[in-house]
Amino acid sequence: MKKIIIINGVNLGELGNREPDWYGNSSFEEYLKKLRADFPELEIDYFQSNSLDLLVDKILSSKNYDGIVLNPGAFTHTSIVLADAIKAISVPVVEVHISNVAKREKLRRESFISAAVIGTITGFGLKSYRLALDFFSTH
């Protein structure tokens, strides 16, 4: 069984409450139950933090996983240190975003993370996570 960790960054603990036009009305914990049921072949762990330091520590300590699904939130556009942490490990990372960042404010269109990951999925709502897990399930 493949072991995958979903790591959510800043403000993603507020899904279901925060800007429902962009992020929907469901909490991530509710959606995680569905993901686990739909991917029984994957052991899916979950971590969320608003702290950049804790996110870096979690990435660097994820060497025993077969894959990481990472939504860094706003750190996507500001944090070179997250990209460096990804480059420091050999675990494949898929970057996901709930909203289509290309349709957002100009400052949200650049990702410091994308060059360090194997792929990016953006704009499919919470289904972006499902697409990333599908990748890990079949590869």
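For the pair Lys33 and Phe135, a Förster radius of 30 Å applied to the C-beta separation gives a FRET efficiency near 0.90, rounded to the nearest 0.05. If the limit is 19 Å between Cα atoms, which of Lys33/Lys63; Lys58/Lys87; Lys2/Lys87; Lys2/Lys33; Lys3/Lys63; Lys33/Lys87 go over it? Cα-Cα > 19 Å for Lys33/Lys63; Lys2/Lys87; Lys33/Lys87; rest within.
Close amide H pairs (under 5 Å, H built 1.01 Å from N) link His97 with Ile121, Thr122, Gly123, residues at least 5 positions away or on another chain.
All of the numbers you see were taken from the coordinates with simple rules; none came from a lab. Since this is a predicted model, take the numbers as computed values, not measurements. Here the Cβ is made from the backbone with ideal geometry for all residues, glycine too, and neighbour counts use every protein chain on show.
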